[in-house]
Structures are given as structure tokens and as C-alpha cells.
1. For segment 270-319, what is the number of Lys pairs with C-alpha distance below 17 angstrom, counting only pairs 8 or more positions apart or on separate chains?
2. Under the rule of at least 5 residues apart or a separate chain, name every residue whose amide H is placed under 5 Å from the amide H of TYR131.
3. Read phi for every residue in segment 244-253 and hand back ³J(HN,Hα) as whole Hz from Karplus 6.51 cos²θ - 1.76 cosθ + 1.60, θ = phi - 60°, with x for Gly and Pro.
4. Can you pull out the cysteines in the chain that have no other Cys Cβ under 4.7 Å?
5. Hey, got the Cα dimensions of segment 207-311 along the principal axes, in Å, largest first?
6. Quick check for segment 338-546: number of Lys pairs with alpha-carbon distance under 24 Å, counting only pairs 8 or more apart or on different chains?
7. What would the Debye equation give as log₁₀ I(q)/I(0) for segment 338-546 at q = 0.14, 0.15 Å⁻¹, counting only Cα atoms as equal point scatterers?
8. Which angle from 0 to 90°, rounded to the nearest 10, does the C-alpha axis of helix 437-465 make with the longest principal axis of the chain?
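Nothing in this text is a laboratory measurement; each read-out follows from the coordinates by a stated rule. Since the model is a prediction, treat every value here as computed from it, not as a measurement. When we count neighbours, we look across all protein chains shown, and the Cβ atoms used for this are built from the backbone with ideal geometry, even at glycine.
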Amino acid sequence: MEKLGSLGDLHNDALFEKIMTHVGLNGRYQTRFNYMFNLLFIVFLAMPYLNLVLAMTIPEHWCHVPGRENTNLTLDEWKRLTIPRGAEDQGGASYSKCTMYDVNPLDNLTSLQQYNRTTARTVGCKYGWEYDHTWYTRTVVTQENWVCEKELYVTNTFVANRAGDVIGTFVFGQLGDLIGRRPVFFMTLLMLAIGRCLIVLTASNYALFLTVTIIGSVSQSAAFQSPMVLGMEMSAADKRAEIAMLQCLGWTAGICLMPMVAWLTGDWVSFLVITSAPCAAFCFTYKCFPESARWLAAKGKIKKCAKELQKMANMNKTLLPVETDNILNKIAAKKEKIYGVASLFNHWRLAKNTILIVYLWVLNAMTYYTLLLNVSNMSGNPFMNFFWQSLVELPGYIAGKILSDKYGRRWTQAVGFALVGTAAFIILFIITDPEMQLITVCLVIFIKLGITVTFYVCHLVAMETYPTCVRQSGTSMGAVLGSSMAILGPYIVYMGTTFDIRYPYIIMGFLFITGIFAALFLPETLHHRLPETLADAQNFGKDQDFWSLPRKQTRVNN
């Protein structure tokens, strides 16, 4: 062991920072953890997070009318004879999905051809449905016939999935600060893998299907948070953005790989199993996933904290300071009382920062999912559409990291919102002009890139602003409210398709403007030490100038 030297009158959190700096904040210990759990694991986690979107796809469908096998008619010719043009479809150009002519399948071909369709009576699909299998061999919908009067089953499933995500994010976020990052991580891992895989056995029983869907979704967001929070708590300040970037790269790789798996299998059962089961393999990494030494110190668990610090020192080939036990005992003696989420509102500055972070989280989530739904209506290959829609996020993450590390978190978010807000208002004037269609598409893609940047920075700021003792609770609250409000995205899109195509961009443009001010009134976190205690968080950013750019300090301990 080595001595730290003069400790003077340093506060407890500063003393712990001295230990962490001495043990190593950028060694093999941190590198192994972050690349294993904040990159590789996220690749596999991203797939079960979104695989229901493809598994629940509703392909083109129409009523099955028996008898075509006795003719030499093509499918389209048979549909012209037996299926009305869709009164329920705008323009009536498409065939009806849920009605057929009330014809007798035993009628011969001549009778069908002479049938008066102007006055013909239509009925529901009494013989079942046929599906377009161009892209999918089988989805949940085609297997269980969740179409027409049962189409709401699909919507209810996504609502249940979202509800489970919201509930689980809040519950596991609280648990992460109460019982630790490590047990919460493996609890969420098992629930997600088991829940998603059990879905394939329960589709025939809708109530059970919904229950299993909720079990799988309860843990999905929390599984992202535990490794990111732990990675940031054990790493240097200048590595925080890199850790967030690793998760973003893993997310992009996962959601780009997922549609390729769906395209290769074509079957929802094998697709769900292949994209969900690998998460369970990470249960064998239990020894590689440590508990947060910062969290242990904040909770007064001295022996366990010293043990984790020793493991870190051994792998980083450093020595634990001889004063470690004395410092940890001093921290434990002054352990502050924690009130969970309520602690975030016990001082006006911390409450202000919390409100602004939550608002930005809600804004980013709502506009992100609104754009996602708009793009998902594209025609063509659904797997390539999903792939390109996912891949476009990659340059956004890279830009977010570079810009936020150079110009700071505040100005990167504020300028990002200003640019996408400008693009949204330009779209208002050109979206109805067919000759400007290409420019409109480019501007929409630009907005998606911009929102990827601001969402990336929003996650980073949340991790860096909240103190250690309530960091996971604070980020969970933002995720919960963001997920809850993101459900408004479909309604925003509905306003555009039903009333005026410009409405979504009017709403998003207004939200982007408010985001500029919300971002600017947050404290800058670049080159600043993470707050350890509530007292630190209450004073964080107090002496910062509004119009300043971040400057690298002489020495950064985190």
C-alpha cells in the first residue's frame, strides 16, 4: 500500500476522489467493464428492446374466399371478383381488408364473373384471411389473425409494453439506489430474456400474452441504466462521454442487426428467440460485473467498498492507499440521509436542474418517437427501411460526442434544438409542394440526426448532474416520464394524417424552441467533478457564467 500524502481539510467526497484517482480511473479494470457491458452487452440488449415491433407487424391482408384453386385465375383476378375496393381505405384504390362480396364459394366462375358488384352485399371475412408473405412467413398477427375486429390487440400489446417499461424503469431505478447496481442488473437481465422467450408460447392466450409481455418489458430500460451508471461512477470525468458513446454505438449496432435477423428468419418465433436468448448468456458474467465502489461508500458499506477498490487496484496494477479504511470510516460516519426521488427537490437549484432535465428528456423522447412513427410508414422493404432508419442515428451520436466534448453540453443541446427547430419551420412551407419532396425528406432526416445529438447529450447531462446517492433514481425518473409522454407521438402523427400534414412539424418546432432555453439554463458539466452528495448537487453550477464556454481545469479527479 502507498500513502496519499497530505489530506488537509478535504471534504469526504474529495477524499474518496483521491482514493479513486490513486487506484486508477482509466485502467484495464474500467476498459474491460465498459467494452463488455456498455458496448457488447448493449448490442444484444437493443434487439429484445425493439423486436416486438417487427414480430407484431401487420402485413397486407384480405378476406380468404375459397374456390380459386379450382380456377386458373391469378390472385389479383380472383380478388377483383371476390373482394370490394376498400371503402375504408382513402381513395378506395386498395382492396378491402375486412370485407368480401357475399358470394357462394360453390358458384362457378361464370356466375362470379356475372355477379353485379354495384349492388352486391358485402360481409365480413367469414372464411378467414389471406396474408401477403412477400417479407414475412409468419408474424404474431398472421398466426393469430389479430386483424380487423381484433386489430386493437396489437395496439394493446404495445400499450402494455410501454406501461411495463415505465413501471419497471421507476421501480428498478429506485432499487438500484437502495440495493445496488449489481443485483438490479442481473434481475433485469433474467426478466427480459425469460419474458421475451415465453411470449412465443402464449400467443394463443391473449391475457397471458399481455402478462408475459409486461414481464419482459418491465426490465428493459433498467438493464441499460445499471451498466452506464456504474461505468461512469468508476471512470474519469473525461471518459463519461466516451461511455455514453459506447452505449449509443452498441444500441445502433443492435437495432441495425435486428431487422437483418428478422429478414433472414421471416418467422416471428425463431426471430424472438434468436434476438432475446443471448441476453441470458450474460448471467455467466456475474463475477465480471462489480458493485459500485462509490455507491458502497455512500451507503457506508466499508468492507465491501474496500474489497471492490482492492480488485480495481489489482487489475489496474496500482496499490490501495494505506489511509483507505480510515477515509471510508469517516465517510460512513457522516453518511447523509436519503429520500429517493424526493431528495431531488429539497433545494431550489437541484429542483430546477431536475425539472429542466426531465423536460428535455420528455421533449427528446416525444419527438424521437414521433419521427420514428413517421418514417415507419414508408413503403418497400420493411427490413431495409428499419435498417436505414436505425443507421442514420450513428452520425448523430458521433457528432454529439465530438461537439459536447469540445463546446460543452449546454451549447451543444441549445444549438442542436435551434437547428432542428429551423428545419421544422422550413418544412411547414414546402411539405405540400410535390417538387420539394426530396428537400423535405432531407430536412426530416436532418431533424432525426439533430434529435439523436440532443438525446445523447440529455442522457449524458442527467448522469453528470445528479449526485451518486440518487443518480439512478434521477435518471430513472427522466426515463419514466419520457416514456410516458412518448405515447403522445402516435397522436401527433394522427393529427398530421387526418387534419393537416404540417401539424406534427408545428408541434415539434414549438417544442424545439422551448428546448433551447431549457438546455441553456442547465449547468455545464464538462470538465467538472461529479457531485457525490446532495450538498454538492445543491451548489453545482452556482458559480458558472451563463455565456461562458467550458474550459479544461488544471486537474480533474473524476
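1. 7
2. none
3. Each residue's phi maps through the Karplus curve to give 4, 5, 4, 5, 5, 5, x, 4, 4, 4 Hz.
4. CYS197, CYS248, CYS256, CYS279, CYS283, CYS288, CYS305, CYS442, CYS458, CYS469
5. Ordered largest first, segment 207-311 gives principal extents of 51, 33, 22 Å.
6. For segment 338-546, the number of qualifying lysine pairs is 4.
7. Each listed q maps to, in turn, -0.83, -0.93.
8. Roughly 30 degrees between the two axes.
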